[in-house]
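The values are calculated or read from the model by the stated rules, or taken from the named source; none is laboratory data. Here the structure is a predicted model, which is why all the values come from computation and not from measurement. Reconstructed Cβ throughout: ideal geometry from the backbone, glycine too, with neighbour counts over all protein chains shown.
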Amino acid sequence: MIAPRLFPFAEVWWFYAIFTLLIAALLAIDLGVFHKEAHRVSMREATTWAVVWVGVALLFNVGLYFWSVSFLSAHPPAGLTIEEAAKRTAMEFLAGYVVEYSLSVDNLFVFVVVMNYFRIPPELRHRVLFLGILAALVFRGVFVIIGAALLQFQWIVWVLGLFLVVTGVRVMTGDESDQIDPETNWAMKLLRKVLPVTPQFHGDSFFVREGSRLLATPLFVALMFLNIVDTVFAVDSVPAIFGLTNEPLVVFTSNMFAILGLRNLYFLLAGAVDVFHLLKYGLGIVLCFVGLKMTLLTWLMNGHVPIGPSLGFILAVLVISIAGSLLYPKRTPI
């Protein structure tokens, strides 16, 4: 049985609207003020902004808790005290943020391959990532809407749960050669047939006109491919967060904040693709756990798996996989 939602859209639509405006304002400030000029992003700058975005997400988490107390005081939850419901909401946001942010690390490794494949100059990568992340925010919003509608049906919950378990096993057992290849991807082949592409870069332009022909630059092709990659990964990540919470509001906000920090995380991890070689096992275990939480564990525990122990388990698995990667570096073939 699916538990009733604490924050029905009809009651909190204004919260979604204000939050969307907040995200738009943060993006406008980021691009229009702090990253107005194209430049090579240093490790120090990337680290600073990564910390800033995580800090903003944690501040929002605190604000979400107090707002939940206020909202639920006027709309008392059934079967829970206001304090318990608000605490659970805040914990679910944190768990969703951690899972989405962690799964995004795997996405970023693919982004590194794509940027290198298209030979995007370092000073232009920020622009491609920014617009790619802007598109990702829109697509994730659509996925959340679809997921919220579909997960009203119990059988779909079980299907998605089993899908996450299978995906987790594939992540752990998959070979690096399984990654999406820009050269053989069907969408990229179709794009090149429909839209002529010039092999040269033209500054930060996505299109250039040669005579009467409008040509796409490699910058635009890379942007389109990043969007394709993110859409594929969203099929895993959005159901994973729905496995931790039944609240679309929590899924939406945690997803948005996790995506906001991806650009700076990319520049931090660009040179460390092989360092966290054990992380895929941690991510695979997390996906399997969330899939089991949606299905078997929920059934065994009469419909509710405590979010506190779930978050603790997820954090422990990720910390162990990261620490193991650092303690036991990947061996390079002689």
Here the qualifying pairs (Cβ atoms under 6 Å; residues six or more apart or on different chains; first in region 45-56 and surrounded by 15 or more Cβ atoms within 10 Å (Cβ to Cβ); second polar (S, T, N, Q)) come out as 46/264; 49/264; 50/264
Just a yes or no: is a residue in region 47-59 out of contact with any Asp or Glu (no Cβ under 9 Å at 6 or more places or on another chain), hydroxyl-bearing (Ser, Thr, Tyr) and either part of a helix (DSSP H, G or I) or at pLDDT 90 or above (or both)? yes
Show the residue pairs meeting these rules: Cβ distance below 7 Å; 6+ apart or different chains; first residue within region 80-93 and buried (at least 21 other Cβ atoms within 10 Å of the Cβ); second residue β-branched (Val, Ile, Thr). 86/69; 88/307; 89/250; 92/245; 92/250; 92/307; 93/250; 93/253
Please tell me if residue 99 is at pLDDT below 90 and out of contact with any helix residue (DSSP H, G or I) (no Cβ under 8 Å at 6 or more places or on another chain). no
Reported set for region 193-211 where residues are at pLDDT 75 or above, loosely packed, with under 12 Cβ neighbours inside 10 Å and not in a loop (DSSP other than H, G, I, E, B) is 209, 210
Of the numbered conditions (1) at pLDDT below 75; (2) charged (D, E, K, R); (3) part of a helix (DSSP H, G or I), residue 170 satisfies every one except a single condition; which is it? (1)
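Each row is one residue, and each column tells you yes or no for (1) of a type in the set (Ser, Thr, Tyr); (2) at pLDDT 80 or above; (3) farther than 20 Å from residue 320 by Cα; (4) over 20 Å from the mean Cα position of the chain (by Cα).
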position	(1), (2), (3), (4)
263	no, no, yes, no
267	no, no, yes, no
277	no, no, no, no
280	no, no, no, no
296	no, no, yes, yes
300	no, no, yes, yes
A careful count of residues in region 66-106 that are in a helix (DSSP H, G or I) and more than 15 Å from residue 308 (Cα to Cα) gives 17
Every residue from region 126-146 that is surrounded by fewer than 20 Cβ atoms within 10 Å (Cβ to Cβ) and either under 17 Å from residue 293 (Cβ atoms) or not hydrophobic (A, V, I, L, M, F, W, C) (or both): 127, 141
Of the listed residues (164, 215, 190, 160), the one being over 18 Å from residue 292 (Cα atoms) and modelled with pLDDT of 75 or more is 215
